[in-house]
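Reviewing the structure listed below.
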Amino acid sequence: MIEIRHDWTKEEISEIYNSPLLDLIYRAASIHRENADYGEVQISSLISIKTGGCSEDCAYCPQSARYNTGVDVHAMLSVAQVTDAARKAKEGGASRLCMGAAWREVRDNRDFDKVIDMVKAVNELDMEVCCTLGMLNEQQAQRLADAGLYAYNHNLDTSEDDYKRIITTRTYEDRLRTIENVRKAKISVCSGGIIGLGETEEDRVSMLHTLATMPRHPESVPVNALVAIKGTPLEDQKRVSIWDMVRMIATARIIMPKSVVRLSAGRNEMSVTEQALCFMAGANSIFAGDKLLTTPNPEYNEDMQMFELLGLKPREAFKSGRPQRQALQDA
Ligand code: SAM
Ligand code: DTB
Ligand code: SF4
């Protein structure tokens, strides 16, 4: 039995993160292999239901209205457009559809009513439905849960201390509060961060510490490599080293052994060999489809060839039970 701990110290996490690379990969791979489904990779497909024009100043984001990034502002998609995309993603092997909106927070207006309709419609296709819509209050989280929302993505992005350098228009506490509201509504939590923002190793360890000491670990932990976007304050950031990506993934795998660790943004700049190292280190989820929200992602066929080569299989939907409430209660 794998022990799930919520009392990790920063020192312990730092020691793991900084252990000799091959030891780290071996330890993470061994833990990963204790899970029955280690050859399976969960596939999520992303769709931007409302693009650009966001009021927030997240220094990495192509969708902030404050930077000239060339991303056009789009009105919200229709329910039919979303279900069409969901059907295609499902045919391609995706078990989850994640709908993203360039919002600071959810407001109780007609746009939110439309999101609720989208959640219901995608749910009917027998896919896990995920949303990432910014901050939520308890009632809004409950409304999404009642519509059948399976998961909610809300990333911490970096450490509490580093947060102000990256975002000034909201606080770390705001972020944590939304995650709590999602938890209370018994929706599966997806929360992780980005590396390559110019953060220190201590910041990475601290962010992992925040995640791994939550009363329940997030069910999904996305590890994004910064996609440096021209026009944003982080446009000149160097591409993050693959070894840093592997260290983050392996450490997340070791300290949150039951969570799905997602090799998220940045795959388009990675070779198959590099991605194979990430899977070896315990990554067991990706975003598939030729686009993330606004930036390119590897072609679907290339990903399927990679799966074939590495002997990986897409994970079927609702493997953790449906609705996931029981699994969440048992965790
Ligand atoms: N507006 C909502 C929010 O901020 O929570 C939802 C959408 S937002 C684009 C979702 C996440 O995408 C961010 O929290 C961040 O982790 C990730 N992201 C955005 N731009 C990125 C970039 N250039 N490189 C890597 N990850 C990025
Ligand atoms: C996550 O952790 N990464 C995804 C998803 N959750 C919403 C978003 C990545 C966005 C990369 C930049 C873009 O395509 O706009
Ligand atoms: Fe807006 Fe989300 Fe981008 Fe921040 S990350 S600017 S909140 S869309």
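Figures for the structure shown
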item	result
Which numbered condition E56 misses (of (1) open to solvent by 60 Å² or more (accessible area, probe 1.4 Å); (2) away from ligand 2 (no atom under 13 Å from the Cβ))	(1)
Failed item in (1) under 24 Å from P257 (Cα atoms); (2) out of contact with any His (no Cβ under 9 Å at 6 or more places or on another chain), with S191 passing the rest	(2)
G148 being within 13 Å of ligand 1 (Cβ to nearest atom) and out of contact with any Cys (no Cβ under 7 Å at 6 or more places or on another chain)	no
L77 being more than 30 Å from D161 (Cβ to Cβ), open to solvent by 30 Å² or more (accessible area, probe 1.4 Å), at pLDDT 95 or above and within 16 Å of ligand 3 (Cβ to nearest atom)	yes
Identity of the residue in the range 275-303, among the aliphatic types (A, V, I, L, M) and surrounded by 17 or more Cβ atoms within 10 Å (Cβ to Cβ), that ends up farthest from L24 (Cα to Cα)	L293
Looking only at the range 16-51, and only at residues there that are of a type in the set (A, V, I, L, M) and part of a helix (DSSP H, G or I), the one that is farthest from ligand 3 (Cβ to nearest atom)	L22
Residue match in the range 28-42 (condition: modelled with pLDDT of 95 or more, more than 30 Å from E302 (Cα to Cα) and buried (at least 19 other Cβ atoms within 10 Å of the Cβ))	no
Qualifying residues in the range 216-261 (those that are within 13 Å of ligand 1 (Cβ to nearest atom) and part of a strand (DSSP E or B)) - the one surrounded by the most Cβ atoms within 10 Å (Cβ to Cβ)	V221
Filter result (of a type outside the set (A, V, I, L, M), part of a helix (DSSP H, G or I) and open to solvent by 10 Å² or more (accessible area, probe 1.4 Å)) within the range 262-274	N268, E269, T273, E274
Residue identified as charged (D, E, K, R), within 21 Å of L136 (Cα to Cα) and touching a Cys at 6+ places or on another chain (Cβ under 7 Å) among R104, R110	R104
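The values are calculated or read from the model by the stated rules, or taken from the named source; none is laboratory data. Being a predicted model, the structure only gives us computed values, none of them experimental. Because the Cβ atoms are built from the backbone with ideal geometry, glycine has one as well, and the counts that use them run over all protein chains shown. The accessibility values were calculated without ligands, DNA or RNA, using every heavy atom of the protein model including side chains. Shrake-Rupley method; radii C 1.70, N 1.55, O 1.52, S 1.80 Å.
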